[in-house]
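Q: This is the structure I want to talk about, given as C-alpha cells.
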Amino acid sequence: MEAEAIVRRCEALYADLSLGSVREWKAAHPGRPAVGLLPVYVPREIVHAAGALPVSLLGGGDQIDIVKGDASFQSYICHLPRSMVELSLTGRLDALDGFVFPSTCDVIRNLSGIFQMTTRGKYIRYLDLPQAMDEGTGGAFYRRDLVALAAEIARLAGREAPGDEALAESIRRYDRNRRAIAALWAVRAGAPWLVALDETYLLMRAGAVLPVEAHTELVEAYTAAVAGRARKPEDRIRVVVVGAFCEQPPLGLLRTLERSGCYVVDDDLFLGARWVEGDVLALEEGRGSVAEESAAPVDGPKGGPHGPPGSDGGGDPYGALARAYIGKSLVASTRYQPDGRRGEDLVRRVRALKADGVVFAAPSFCDPALLDQPPLQKSLSEANIPFITFKYAENTGQFQSIREQAGTFSDSIKLWGEA
Ligand code: SF4
C-alpha cells in the first residue's frame, strides 16, 4: 500500500470521534467489550489478554464544540477533561463498555469521579501506577493490581482471568508493535525528510483505536513505503518536541511546526503508545526467554494470577509488565524519577539524535509538563542546547505566533548556530 493511502486511512480514523471502527470491531466480535484508556499510560496488553479491545482516549482535539464539558470544570485546568466529558455526554463514547483512569495527575483522577457519576452501568477503574521504583515494593504492588485489573476486564468479557500464556501472547503482539514503531523512529532520526510529523502522528493515533495486530501491519507497511520516497533533505533544523504527552496539540499545529523550518526527529506525543522501550518479553531471535525474564525478582505470586511459576508455559508475564514499568519506561513527567535524571536524559537524547534544539510544547495548565520545564531548561542551558517554549490547547486555532516563533528559532540556529 502507498504511504499516502495509509495516511488517508489513519486520518479518517483520527477524525471519527464516534469510534466507528470500535463499533465495527464489536460487531465482528460479539460479546467482547471495548475499554477506553485515559492518558498517559495503561498497559494495553492486560486489556487485550482479557479479551477486550483497548481504546486509547486522547480528547476531542479541535473537532468538537465544548458545551457541557465546560460546566464540569474550573477555568484554570487543561482542556482535555472538558472534551472527554463532552464526548461522553454526547454519546460518542457509547461503544465503550468501561474506562481505566491511570494515576497521571489530579485532573485525570477527578475525571474518573465524573465518569463514575455520568456513565451509569459502565466499568470505571482507577489504576494506581507505582511511585516506588523498585521491584520489591512498587513492582510487587503494581503486579498485584495488574492481576486484579485483568480479572475485572475478563469478567466484562464473560471470561476467566487470563493465564500466563494468554498474557504472554498479548505481550508478544505488543512487543512486535513496539519494534515496528522503533523501526519507524529510526527512519525519522536518519532521514526525517521521508517522514512528515503529521503522518507519523496520524499513524500512531490509528493505534489508539485499531487492534494491535492491524496497527503493527500499518506501521510496517508505512515504514517500508516511505523508504521508496524520492524526497530530498531541506534546509531545516532538527528538533525534539517535549511536553505533549497527554492533551494532544491539533494537527494544524504539528504541520505548522514542520513548515516553519523544523524536522521533528523525536517527540512525546501520545506517549502511552511508546511507553515501554524495547521488548517486554524477549522470546524471539535470541533475545532470551520468558523464563529468564521471569527470573528477575518481582515479588508476589508467580505463574499468572493463580498458578505456580510458568504453570501454563508463559513464565511470569504479569511480573514482566511490572518490571517493564519500573525499568524500561521512557522518561516521562508523569512517572516518578529521582531529581536530575530527566534533564540528563533529555540532553543525552538530543545529542544521540544530533538534534539542534528542543521545542517545549505543553498544554496550558498542564502541571506535570510545566513543572518539569524549569529543571529541563536548566539542563539544556548548561549543555548549550537551544530551546523555545510555547503552550497550546487541543482546540487552539491560531498558529501564526507559533509559526513565527518556530521560524525565528530555526533561522537563528541556521544562521548563528544558536537561538
Ligand atoms: S494535560 Fe496535563 S494536567 Fe491535563 S490531564 Fe493531561 S497530564 Fe493532567
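Since every read-out is calculated from the coordinates, none of them should be taken as a lab result. The shown structure was predicted, so the numbers you read here are calculated from the model rather than taken from an experiment. Virtual Cβ from ideal backbone geometry, glycine too; neighbours counted across all protein chains shown.
Q: Does anyone have the angle between helix 341-352 and the longest principal axis of the chain? Alpha-carbon axes, 0 to 90°, nearest 10?
A: Result, in degrees: 60.
Q: Add -39500 (n - 2.57) for each DSSP H run of 4 or more in the chain, then divide by its residues: what number comes out at 222 nm, to the nearest 500 deg cm²/dmol?
A: Calculated mean residue ellipticity at 222 nm is -14500 deg cm²/dmol.
Q: Taking only Cα atoms and a 10 Å spring cutoff, compute GNM fluctuations for the chain and point out the largest among ALA168, ALA52, ALA182.
A: Per the Cα network of the chain with a 10 Å cutoff, ALA182 tops the list.
Q: Further question on the same structure: By how many degrees, between 0 and 90 and to the nearest 10, does the Cα long axis of helix 140-156 differ from the longest principal axis of the chain?
A: Here the helix axis deviates by roughly 70 degrees.
Q: Compute the angle between helix 106-118 and the longest alpha-carbon principal axis of the chain, please, reported from 0 to 90 degrees and rounded to the nearest 10.
A: Its long axis makes an angle of about 50 degrees.
Q: Of LYS354/LYS378; LYS26/LYS68; LYS68/LYS122; LYS68/LYS328, which sit over 31 Å apart, Cα to Cα?
A: LYS68/LYS328
Q: Sort out for me the Cα centre separation of the range 56-104 from the range 330-364, rounded to whole Å.
A: 28 Å
Q: OK, next. Residues with amide H under 5 Å of VAL40's amide H, sequence separation 5 or more or different chain, H placed in the peptide plane at 1.01 Å from N; which?
A: Result for VAL40 returns THR104.
Q: Give me a comma-separated list of calculated 3J(HN,Hα) values for the range 393-403, in order, Karplus coefficients 6.51, -1.76, 1.60 applied at θ = phi - 60°, integers in Hz, x for any Gly or Pro.
A: Whole-Hz 3J(HN,Hα) from phi for the range 393-403: 10, 4, 10, 3, x, 10, 10, 4, 5, 5, 4.
Q: Using only alpha-carbon positions, what ratio does the radius of gyration of the chain give when scaled by 2.2 N^0.38 Å?
A: Dividing the Cα Rg of the chain by 2.2 N^0.38 Å gives 0.96.
Q: Let me ask something else about it. In percent, what relative contact order does the range 21-163 have, based on Cα pairs under 8 Å that are 6 or more apart in sequence?
A: Contact order relative to length: 27 percent.
Q: Can you give me the long-range amide H partners of ALA157? Hydrogens built in the peptide plane at 1.01 Å from N, cutoff under 5 Å, separation of 5 or more residues or another chain.
A: none
Q: Further question on the same structure: Taking the Cα centre of the range 21-163 as origin and charging only Cβ (+1 Lys, Arg; -1 Asp, Glu), how large is the dipole, in debye to the nearest 20?
A: 420 debye
Q: How big is the charge dipole of the range 320-419 about its Cα centre, in debye rounded to the nearest 20, if each Lys and Arg gets +1 on its Cβ and each Asp and Glu gets -1 on its Cβ? Mind showing how you got there, number by number?
A: Values: 13 positive and 11 negative charges, 93 e Å.
Using Cβ point charges on Lys, Arg, Asp and Glu, the range 320-419 gives about 440 debye.
Q: Which residues' amide hydrogens lie under 5 Å from the amide hydrogen of LEU129, considering only partners 5 or more residues apart or on another chain, with H built in the peptide plane?
A: HN-HN under 5 Å from LEU129: SER103.
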